[in-house]
């Protein structure tokens with residue numbers, strides 16, 4: 001069947017185009033388009049479209065104005081936060097310097113307190129040592145006195161008998 005159609009097309013077979021009132025189908029399409037365009041012009045469609053476009057343009061301008069205002073507000077906030085950050089940096093530096101001064105003062109006070117405490121402990125230790133020395137000397141003196149008294153008793157007992165006591169008593173009496 002395709003061969004028949006192809007052969008007919010090659011042989012130059014002509015066919016008649018349908019028409020109505022002498023107008024071909026393309027003419028009717030053009031006529032319909034002209035009528036539609038005239039109706040649209042008569043109904044004011046271009047004016048309506050222009051109005052809608054103008055409204056759209058106004059809306060876009062309003063959005064642009066709002067965006068500009070928001071941008072200005074954001075820039076103001078950014079500048080404010082930058083100022084606050086700079087002030088905070090200054091405050092932080094001041095607090096750091098103050099903390100360092102306080103720490104240095106605390107260290108110096110601790111050194112002074114430690115030196116005073118060491119001096120008190122040395123003084124107390126020296127007093128304890130002196131008291132211990134005095135106690136030892138007193139104890140040694142007491143032991144020496146006791147030993148001397150014990151030795152003197154022993155010597156007197158050994159060297160002085162009855163005869164020696166008589167001689168001593170006679171000497172004392174004659175010396176009087």
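Each value in this text was obtained by applying a stated rule to the coordinates, not by laboratory testing. Predicted model, so just to flag it, every value in this text is computed and none were measured.
Please identify, among 129, 60, 156, the residue showing maximal mean-square fluctuation in a Gaussian network model of the chain using a 10 angstrom Cα cutoff. For the chain, modelled as a Gaussian network with Cα springs under 10 Å, the answer is 156. Solvent-free Debye calculation, one equal scatterer per alpha-carbon of segment 91-171: log10 I(q)/I(0) at 0.18 Å⁻¹ equals -0.89.
Taking all C-alpha pairs of segment 17-168, those more than 18 Å from each other amount to 85 percent. Compared with the dominant principal axis of the Cα atoms in the chain, helix 25-43 is inclined by about 60°. Using a Gaussian network model of the chain in which every pair of alpha carbons under 10 angstrom is joined by a spring, one finds that among 23, 49, 92 the greatest mean-square fluctuation is at 23.
Of all the options 152, 69, 124, the one that moves most in a Gaussian network model of the chain with Cα springs shorter than 10 angstrom is 152.
Net length available on complete extension from residue 92 to residue 60 is 6.9 nm, with 0.36 nm assigned per residue and the Cα-Cα distance removed.
Helix 162-175 and the long axis of the chain differ in direction by around 80°, with both axes built from C-alpha atoms. Taking the C-alpha atoms only, the angle from helix 45-159 to the longest principal axis of the chain is near 10 degrees. A helix-only calculation puts the chain at -33000 deg cm²/dmol for mean residue ellipticity at 222 nm, using -39500 (n - 2.57) for each DSSP H run of at least four residues, averaged over all residues. Rounded to two decimals, the Cα-based Rg/Rh of segment 36-93, with Kirkwood Rh, is 1.59.
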